Amino acid sequence: MSELDGVWKVERVGGALPPMTGVRKRIDGDRGVTLAGPVKMRFEVRGLELRYRPPFAGLVDLLERDGDGYRGRATFLGRQFGRFRLSRVS
């Protein structure tokens, strides 16, 4: 079991991210999915990196521990375009 396993609420902090109301990340081991309404964006977990699969390839979320949650940087092809926070949903 990974420290990231579980369901996480996503909160926009800054940058070019859209409003994140209702957005969740569900992580189980080395894979996960970001759920934004009807859109499911699948990713692979590599340490504290969430690497999205096609058709979202090139998107990578870079996470840093922040208390009992995480701070994240959304990147595309290595360039940051937004920041967010993850809080565990109990």
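The values are calculated or read from the model by the stated rules, or taken from the named source; none is laboratory data. Just so you know, these numbers come straight off a predicted model, no measurement behind them. With ideal geometry, Cβ positions are generated from the backbone for all residues, glycine too; neighbour counts draw on all protein chains shown.
The residues listed here are L48, L35, L59; of these, the one that is hydrophobic (A, V, I, L, M, F, W, C), more than 23 Å from M1 (Cβ to Cβ) and modelled with pLDDT of 95 or more is L59. The residues of segment 65-86 that are in contact (Cβ under 8 Å) with a residue 24 or more places away in the chain and among the hydrophobic types (A, V, I, L, M, F, W, C), listed by number, are A74, F81, F84, L86.
Within segment 72-90, being over 15 Å from V23 (Cα atoms) and among the charged types (D, E, K, R) holds for R73, R79. None of D61, D30 is of a type in the set (D, E, K, R) and crowded, with 16+ Cβ neighbours inside 10 Å except D61.
Within segment 1-15, being surrounded by 11 or more Cβ atoms within 10 Å (Cβ to Cβ) and modelled with pLDDT under 90 holds for one residue alone: S2.
Reported count of residues in segment 72-90, each being within 13 Å of the chain's Cα centre (by Cα) and of a type in the set (A, V, I, L, M), is 2.
Taken over segment 1-34, residues that are assigned to a loop (DSSP other than H, G, I, E, B), free of Cβ contacts under 8 Å to residues at least 40 places away in the same chain and small (G, A, S) amount to 2. Any residue that is among the acidic types (D, E), under 10 Å from the mean Cα position of the chain (by Cα) and part of a strand (DSSP E or B) - is there at least one of those in segment 36-53? Looking through segment 36-53, at least one residue is among the acidic types (D, E), under 10 Å from the mean Cα position of the chain (by Cα) and part of a strand (DSSP E or B).
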